[in-house]
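Here is the structure we will look at.
The values are calculated or read from the model by the stated rules, or taken from the named source; none is laboratory data. Just so we're clear, the structure is a prediction, and the values are computed from it rather than from any experiment. Cβ placement follows ideal geometry from the backbone for every residue including glycine, while neighbour counts extend to all protein chains displayed. The area values use the complete protein model at the heavy-atom level, side chains included, leaving out ligands, DNA and RNA. Shrake-Rupley method; radii C 1.70, N 1.55, O 1.52, S 1.80 Å.
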Amino acid sequence: MKISALAALLLAATILPAAAQSGPTPQEQMACRSDASKFCAEHIGKPPQMNACLRENKPKLSDGCRKVVEAHGG
């Protein structure tokens, strides 16, 4: 359980932070958390790669995450 919580925190910290100057809001991070782990888990902790992966997988993303990606230039 502790590992899952740590992985979730690391994932939330890496979702789209380089795409906008202020970084993603906590709500934006939560919107993409599931999609990021499903499609881009190998990029956790690597914001540029995570951003690129989410953009590449945009057609597969949930509506909420797709909106976040688009709002951040993807």
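Computed quantities for the displayed model
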quantity: Residues satisfying the stated conditions in the stretch 52-61, i.e. within 15 Å of SER37 (Cβ to Cβ) and either under 10 Å from the mean Cα position of the chain (by Cα) or open to solvent by 50 Å² or more (accessible area, probe 1.4 Å) (or both); calculated: CYS53, LEU54, LYS60
quantity: Lone qualifier among ALA13, ALA8, ALA19 - being small (Gly, Ala, Ser), closer than 13 Å to HIS72 by Cβ and either modelled with pLDDT under 55 or open to solvent by 50 Å² or more (accessible area, probe 1.4 Å) (or both); calculated: ALA19
